[in-house]
Amino acid sequence: MDVHRRQLRHVLLGLCVCVSLSAAVGLTAEDVEPAADVTAGRIIYQSGRGGNGEFVSARIQEDVEISGEQLSCVACHQRSGYGSSEGGTQIPSLMGSALFSPKEIRRRELAGTVVYRPAYTRETLKRAITLGEDPAGRQLDPLMPRYRLSPADLDNLVSYLDALAPATASGVDTQEIHFATIIDDSADGTEKAAMLEVLNAYFKGKRAETRLETKRATQSNWIKDWHYSAYRRWVLHVWTLEGPGSTWKQQLDDYYREQPVFAVVSGISDSDWQPVHEFCEQGELPCILPNIQSAPDADESFYSLYFGEGTALEASALVKYLEEFLPQAGTIVQIHGPGPAEIEAAEQVEALLPAQGVHSFSLRAETADELSAYIVDRSPDVVIAWVSDDAVRSLGSLSAMPGTTLFLSSTFIRDPQSLPADLPEQTLLLHPFQIEPLAQQSRRLRAWARTRDIELSALRVQANTFFALALVGDAIQHIRSNFSREYFLEKIEHGADRILVSSAYPNISLAPGQRYLQKGCYIVHASEIASDSMNDPLWIVP
Amino acid sequence: MRIRIPFRVSPIPMLVFGLLQFSALSLAEDGISAADPHAHHKAMMATENRYTKVEADYPLPEVSGVTSAGTRATLADLLDGDSPVIVSFIFTSCQTICPVLTAILSQAQEDLAKQQAQPRIISFSIDPEYDTPERLRDYAASFHAEDNWLFVTGDTDSMLQVQQAFDAYRGDKLNHIPLTFIRLSGEDPWIRFEGFMSAGDLVREYRSLFNATEAS
């Protein structure tokens, strides 16, 4: 063999070794770059932090420096990725299908195509994010931040957007949309039945009113496809929970496995709602406005919406009242019933007033007299009683404390009119409910109920349920065929202030990221509530 | 009078234009109008300039509020007097308009300070029940607001009156529009800026107000 051939053989041998070594360590021409990480991209999108954990920086409005802490992608483009609208400002959808397709009029109906914007590619999308340039080279709105991102972060973010797809959530098929309502078996019988009557009548009415829309979807002009194709037959499933809260998760999992639902609407319980809250959060399942007395902590969660914090809100309002109007109060005695809502309220008061030392007692029937005597003997400045009407009556001679201010809660006192006359003169009611009689506020509900032969035997619960349904209905209307649970919740955030029916709770409002409708509570004299006359009632926002 | 139709008008662009009116609906699923079915109409109504500027007189109601520092102050305390003041309306849950407006103000505050100008800045909350003084403090800190920039909350009715006084109330807080107001002193009119400015724009407008009064 001559020298050249030998050299050639050496070179070829060397190449073979190199290639096989490369194959051995997994390096091929394709993966010189590590595969982009959709999860890392989602973190950038939702938190405004880059792969290094620091907030990213960006420039906006030509010369304004901002950080990811102030304006992450999610703030404007939303968790669902569908974008948003505020005042006259529109923020477009970032669905992969929207970005990586051209924006154009449907071609088949026209002689020719009009293209608003060519399809993005990975590269042009990166230019949009960093330089604010669209695929046609035009500048994006100055409102869109021009982000400074590392190549890896940019890759990951673009991969996340590529993967962002309008997948239809579980609980919806081409014909039906499924909802569940959750009923704690141990809740009050009248209230359970009253709530179900409202729910069933609403669903029945929805089906009756929209039954022809699904038919229109098959016969409509292409211009209206987007409208009629959104309709679905509404189906309600009743999930009844029995036994202790520790068994609820299993029951909920079983119900969901048997029939997945798009969202949970309303519901009722006097027990701790925490297991349901966790089930909904873990399952990424919207859970809208249950009838409960005490709500879980929703500050870090996304999927559950509550009327208010419940008794914890009342406790905070009470403490604020004390700070402002009774700062000299020395001895504070607190009584509570055995339920979780009463205990939570009592604990909240203790947590907010540690220095003063609140003396708390659990009220039991057998020790009621003893407790009553003890309280009268101590003659405290303030008595707080998280107890029912009957329990107040059982406490007997509370009137023998002239200098004492007694606080009761409307959550537990169902009939302030029939409270004993011999309560301290300063008996105040923590009242998170409407002041004007709800019977007058709820005209729409009453008219609706009358035509459906529904007796308003539990007006508070029924008004709340009717409100929850109105809100859910409004949000479903606005998401059209985009059955994304996150998008549904975003529509609820925007729609809550527009709902024209009254719930039992006054002064409610919502905004993106908030999960409690009510932020305050009335504090009024029990005697004034009883007489239906109220001039400028005190409203406290803790 | 005979109406002359120019020969060069071809029916096809007219057809396309007419169909563009329908396209607002058909494009809904592609995401253009996914967020707002009225997007196209609004976009068509938008003006060329990014912001507008008008002079106005706004009589101030006699209400008071609570600052992020926790102190009570009347509207007169906050806004009247000899020195310049800049006003904005925000809420901490606002995701789009307020972060941008506040970032612009933050940058402008920094730029003006370099020019030895330190106007009072007052930002009123339009969601006063959720925006407690604590929340406003955190919000102010995240935008590096200096001490002469106060965020103000209060009871719903008072904050509503302030919004109405400045013609800033649009019903639903999510319907609010980007607004910035500047007034040189209690004796001068308010200048109302509607839209998004750059920090440079705001500084320039502020300076031009000063120069105008010096020249007069």
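Structure data summary
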item	result
Options A:408, A:428: the member that is touching a His at 6+ places or on another chain (Cβ under 9 Å), assigned to a strand (DSSP E or B) and touching a residue at least 12 places away in the same chain (Cβ under 8 Å)	A:428
Segment A:261-303: number of residues that are free of Cβ contacts under 8 Å to residues at least 60 places away in the same chain, of a type in the set (Val, Ile, Thr) and not in a loop (DSSP other than H, G, I, E, B)	0
Any hit, segment B:105-118, residues being on the phi > 0 side of the Ramachandran plot and more than 14 Å from every other protein chain (Cβ to nearest Cβ)	yes
Odd one out for residue B:151, checked against (1) touching a strand residue (DSSP E or B) at 6+ places or on another chain (Cβ under 8 Å); (2) modelled with pLDDT of 95 or more; (3) closer than 30 Å to residue A:500 by Cβ	(3)
Exclusive hit being farther than 19 Å from residue B:160 by Cα and away from chain A (no Cβ under 14 Å), set B:85, B:63	B:85
Hits in segment A:54-97 (condition: of a type outside the set (Asp, Glu), part of a strand (DSSP E or B) and closer than 18 Å to residue A:478 by Cα)	A:84, A:85, A:89, A:90, A:91
Selection from segment A:306-329 of residues that are among the hydrophobic types (A, V, I, L, M, F, W, C), touching a Ser or Thr at 6+ places or on another chain (Cβ under 7 Å) and not in a loop (DSSP other than H, G, I, E, B)	A:312
Failed item in (1) assigned to a loop (DSSP other than H, G, I, E, B); (2) within 14 Å of chain B (Cβ to nearest Cβ); (3) in contact (Cβ under 8 Å) with a residue 60 or more places away in the chain, with residue A:433 passing the rest	(2)
Filter result (crowded, with 17+ Cβ neighbours inside 10 Å, among the small types (Gly, Ala, Ser) and at pLDDT below 95) within segment A:432-457	A:442
Close pairs (7 angstrom Cβ cut-off, 6 or more residues apart or separate chains): away from chain B (no Cβ under 14 Å) in segment A:215-239, among the charged types (D, E, K, R) anywhere	A:231/A:213; A:232/A:176; A:233/A:176; A:233/A:207; A:234/A:206; A:234/A:207; A:235/A:176
Residue tally, condition within 7 Å of chain B (Cβ to nearest Cβ) and over 15 Å from residue B:201 (Cα atoms), over segment A:52-78	6
Exclusive hit being of a type in the set (A, V, I, L, M) and more than 19 Å from the chain's Cα centre (by Cα), set B:212, B:199, B:168	B:212
Condition met for residue A:509 (within 16 Å of the chain's Cα centre (by Cα) and either polar (S, T, N, Q) or within 13 Å of chain B (Cβ to nearest Cβ) (or both))	yes
Search result, residues across segment A:497-542 that are in contact (Cβ under 8 Å) with a residue 12 or more places away in the chain and on the phi > 0 side of the Ramachandran plot	A:507, A:513, A:532
Pairs with Cβ under 6 Å, 6+ apart, first in segment B:92-109 and within 18 Å of residue B:153 (Cβ to Cβ), second of a type in the set (S, T, N, Q) and modelled with pLDDT of 95 or more	B:93/A:514; B:101/B:88
Hits in segment B:189-203 - residues which are in contact with a helix residue (DSSP H, G or I) (Cβ under 9 Å, 6 or more places away or on another chain) and of a type outside the set (Phe, Trp, Tyr)	B:191, B:197, B:198, B:199, B:200, B:201, B:202, B:203
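The values are calculated or read from the model by the stated rules, or taken from the named source; none is laboratory data. Since this is a predicted model, take the numbers as computed values, not measurements. Cβ sites come from the backbone with ideal geometry, for glycine too, and all protein chains shown count toward neighbours.
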